[in-house]
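The values are calculated or read from the model by the stated rules, or taken from the named source; none is laboratory data. Keep in mind that what you see is a predicted model, and the values were worked out from it rather than measured. With ideal geometry, Cβ positions are generated from the backbone for all residues, glycine too; neighbour counts draw on all protein chains shown. We work out accessible area using only protein heavy atoms, side chains counted, and drop any ligands, DNA or RNA first. Shrake-Rupley method; radii C 1.70, N 1.55, O 1.52, S 1.80 Å.
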Amino acid sequence: MSASHISRRRARAGAAGAAALLFAGLLAGCSGSSDSSGSPKAAKSSAPARAAAPATSAPPDDSYRRWGLDKPLAAPPKPPATRVTDHVTGATPQIIRRVPTKDKIVFLTFDDGAEKDPRFIQMTKDLKLPYTMFLTDEIARVGRGYGYFEQLRALGNGIDNHTISHPNLRTLSPEAQQHEICGQQDRLAKRLGKRPVLFRPPYGNYNQATLTAAGGCGIKAMVLWEVTMQINDMRYAEGSGLHPGDIVLAHFRGPQQLKGASMTTMVSNMLRSIQRQGYTVARLEDYV
């Protein structure tokens with residue numbers, strides 16, 4: 001074998017040995033540095049270590065701006081361990097105009113079900129807005145029907161009783177009042193799987209026959225109000241502003257009833273007023 005041939009074989013062997021040492025060094029680097037026993041540490045690379053890709057984070061939720069608010073609705077405080085209706089033991093429902101609390105919270109209620117604005121569903125989702133719906137059967141089932149309100153209920157909002165046809169109950173006989181109230185209880189139970197425990201008389205009008213009829217078909221509280229929602233602001237039964245625990249009366253209304261304004265515009269105006277007064281919105285069913 002010639003000298004030049006032997007020289008080339010020795011060079012290849014040396015290169016292979018160097019490659020093996022480099023591979024061993026890479027493995028040592030993957031397993032980490034040596035401990036204090038004196039095992040050799042992997043040589044530090046002159047290039048900076050490659051950082052792991054950061055976890056993808058959701059963009060900040062500023063959807064409240066879409067609805068004309070300057071800031072998100074503040075989260076309500078933790079509700080009490082017991083509700084007002086937990087203490088109702090007799091056959092007569094308790095009349096509630098304002099929820100007993102010292103927290104700066106109010107409760108939104110929407111009546112009848114005439115307007116079925118799809119943008120209000122999106123508004124409810126975006127703002128995580130809690131409220132209670134008092135539905136009148138002959139009004140709620142028109143047009144898109146109860147399916148619209150069931151979408152709102154799926155977002156955590158309650159559906160309760162506002163009679164079958166929205167009469168002035170004080171003008172009706174006890175039997176007719178029972179038909180209006182208990183008949184709507186039956187219809188809502190068929191749709192929702194349970195009978196509501198909250199009831200609101202149309203126009204806020206009632207008498208003793210109303211209370212007797214409501215109590216006889218499972219109503220525990222008759223919910224009235226201290227504040228009413230207007231197109232641009234609110235009207236107060238007491239003073240010139242909100243009080244802790246106020247129940248706000250609003251309606252499902254659209255441009256025809258609101259002088260061209262939409263329901264979402266009306267609600268945005270109301271929410272801005274609530275925030276300006278330092279209040280936030282809580283869920284009525286958590287307290288009553």
Query raised in the report: Given the conditions (1) open to solvent by 10 Å² or more (accessible area, probe 1.4 Å); (2) over 19 Å from ASN161 (Cα atoms); (3) not in a loop (DSSP other than H, G, I, E, B), and given that LEU249 satisfies all but one, which numbered condition is not satisfied?
Result: (2)
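Select from the range 73-103 the residues that are under 19 Å from LEU242 (Cβ atoms) and within 18 Å of the chain's Cα centre (by Cα) and write down the one among them that is surrounded by the fewest Cβ atoms within 10 Å (Cβ to Cβ).
Our first condition is that a residue be under 19 Å from LEU242 (Cβ atoms); within the range 73-103, this holds for 73-77, 79, 96-103.
Next, only the ones that are within 18 Å of the chain's Cα centre (by Cα) stay: 73-77, 79.
Working: LEU73: 17, ALA74: 14, ALA75: 10, PRO76: 19, PRO77: 13, PRO79: 15.
So the residue we want is ALA75.
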Query raised in the report: When the range 60-71 is examined, which residues are found to be in a loop (DSSP other than H, G, I, E, B) and either over 28 Å from GLN277 (Cβ atoms) or open to solvent by 70 Å² or more (accessible area, probe 1.4 Å) (or both)?
Result: PRO60, ASP61, ASP62, ASP70, LYS71
Requested in this report: Mind listing whichever residues of the range 236-246 are in a strand (DSSP E or B) and either of a type in the set (Val, Ile, Thr) or closer than 20 Å to PHE134 by Cα (or both)?
Outcome: ASP246
Query raised in the report: Given the conditions (1) surrounded by fewer than 19 Cβ atoms within 10 Å (Cβ to Cβ); (2) modelled with pLDDT of 95 or more, which single one is not true for GLU238?
Result: (2)
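Does any residue of the range 140-147 turn out to be open to solvent by 30 Å² or more (accessible area, probe 1.4 Å), within 16 Å of ARG200 (Cβ to Cβ) and of a type in the set (Val, Ile, Thr)? Walk me through how you get there before you give the answer.
The initial filter retains those residues of the range 140-147 that are open to solvent by 30 Å² or more (accessible area, probe 1.4 Å), namely 141-144, 147.
Among the residues that remain, those that are also within 16 Å of ARG200 (Cβ to Cβ) are: none.
No, the range 140-147 contains no residue that is open to solvent by 30 Å² or more (accessible area, probe 1.4 Å), within 16 Å of ARG200 (Cβ to Cβ) and of a type in the set (Val, Ile, Thr).
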Requested in this report: Determine the pairs where a residue that is under 25 Å from THR212 (Cβ atoms) and part of a strand (DSSP E or B), located within the range 92-116, has a partner that is of a type in the set (Phe, Trp, Tyr) and open to solvent by 10 Å² or more (accessible area, probe 1.4 Å) with Cβ atoms under 9 Å apart, the partner being 6 or more residues away or on another chain.
Outcome: ILE95/TYR206; ARG98/TRP225; THR109/TRP225
**Report entry** Pairs where the first residue, in the range 216-236, is under 15 Å from THR92 (Cα atoms) and the second is open to solvent by 60 Å² or more (accessible area, probe 1.4 Å), C-beta under 6 Å, 6+ apart
**Finding:** GLY218/ARG195; ALA221/GLN94; MET222/ILE95
